[in-house]
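The values are calculated or read from the model by the stated rules, or taken from the named source; none is laboratory data. Just so we're clear, the structure is a prediction, and the values are computed from it rather than from any experiment. Reconstructed Cβ throughout: ideal geometry from the backbone, glycine too, with neighbour counts over all protein chains shown. The area values use the complete protein model at the heavy-atom level, side chains included, leaving out ligands, DNA and RNA. Shrake-Rupley method; radii C 1.70, N 1.55, O 1.52, S 1.80 Å.
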Amino acid sequence: MYLFKRSNDLKKHLDLVRKSSKSIGFVPTMGALHNGHLSLIQEAKKENDVVVCSIFVNPTQFNDPKDFEKYPITIEEDIKKLNDASTDILFLPSVEEMYPEGLAGGEHYDFGDLETILEGKFRPGHFQGVGRIVHKLLDIVQPHKLFMGQKDLQQCLIIRKLLQLTNSKVELVVCPTLREPSGLAMSSRNERLSPAARKKAVAIYQALLRLRDEFGKGLFLLEAAREAFDALKQQDFEPEYVDILLLKDGHLSHMDEPPGDHTVIAAVAAWLDGVRLIDNMILQGAI
């Protein structure tokens, strides 16, 4: 596995890859890698000749500085996992490398209502930071395909919008959420949970399963979502939202009308043991 810390060095190497008519798949991460990340690597390997993975904990997408400080850093373990997974290239830049202009300011992206609900509502500025860093990374790597996980579904929609805004030809591939045997969605943040809290955290997945079952009965779900919110509170979670959403023409909205043939998504965010956990489930359709 090649390891690059400078964007110019990586660009030169990838120019040679492109000249040999090889396709490039890209998996951007913030490290603390788990099997969910590695499943993205494997999918990228199936669909491309060369796979690039980046590890960069992006400061501009953290609206809470304490959350940024607590984010797990496991670089040595990550490198071993990527090497074992036969990753071709690792890009491991510094903050100074990615933000030579400084962290303040930067381009503003018109993501519309995609960043006014769910994560956008509770993490103001988060998606502008995501857009800024992914735009930079795509300019450096210039992949044919970009691989992301469904667990960060709203982020996937934001990146799809970013690709439209920048007239990018990169194809976004959204891969299914990988789960632990309990059903808990794999996440780097899970490492910060105590063993007891990790067992309890499966209640989020169970809430999504109940909403899926209710939707399967043809019910409208809003009351079921409120009940799921209250149930999580009673189990010592601090839920921020349990919501049912329509995805219609690239726009997310609270489901206040019958969904028809449009995609329906159940989404949850809740704090447990001082750790913020998110998960979602597609109840109808696809993204």
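Some values worked out for this structure:
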item: Shape category assigned to the stretch 97-177 from the gyration tensor of Cα positions, a/c cut at 1.5; result: oblate
item: Dipole of the stretch 153-287 [Lys/Arg +1, Asp/Glu -1 at C-beta], most positive-end residue of GLY285, LEU208, PRO176; result: PRO176
item: Area of MET30 that stays accessible when all protein chains are in place (1.4 Å probe, Å², to 10); result: 40 Å²
item: Probe 1.4 Å, all protein chains present, accessible-area order of ARG123, ARG18, largest first; result: ARG18, ARG123
item: Full-stretch length increase - ASP249, LEU209 - with 0.36 nm per residue and alpha-carbon distance subtracted; result: 11.8 nm
item: Burial order of peptide ranges 105-113, 19-27 (average beta-carbon count within 10 Å, highest first); result: 19-27, 105-113
item: FRET efficiency estimate (nearest 0.05) - Cβ-Cβ, LYS22 to TRP271, R0 41 angstrom; result: 0.40
item: In Å², nearest 10: area of HIS37 left accessible to a 1.4 Å probe; result: 30 Å²
item: Where the chain is the region considered: accessible area per residue in Å², 1.4 Å probe; result: 48 Å²
item: Stretch gain in nm, segment LEU165-GLU227, where the contour uses 0.36 nm per residue and the Cα spacing is subtracted; result: 18.5 nm
item: The chain: proportion of alpha-carbon pairs further apart than 24 angstrom, %; result: 52 percent
item: Over 28 Å (Cα to Cα) - which of LYS45/LYS70; LYS81/LYS136; LYS46/LYS248; LYS12/LYS46 fall in this group; result: LYS45/LYS70; LYS46/LYS248
item: Overall form of the stretch 141-287 per C-alpha gyration tensor (a/c, 1.5; a/b vs b/c); result: oblate
item: Centroid-to-centroid separation of the stretch 1-43 and the stretch 205-256 [C-alpha atoms, Å]; result: 36 Å
item: Among GLU180, GLU101, GLU171: highest mean-square fluctuation, GNM of the chain, C-alpha pairs under 10 Å; result: GLU101
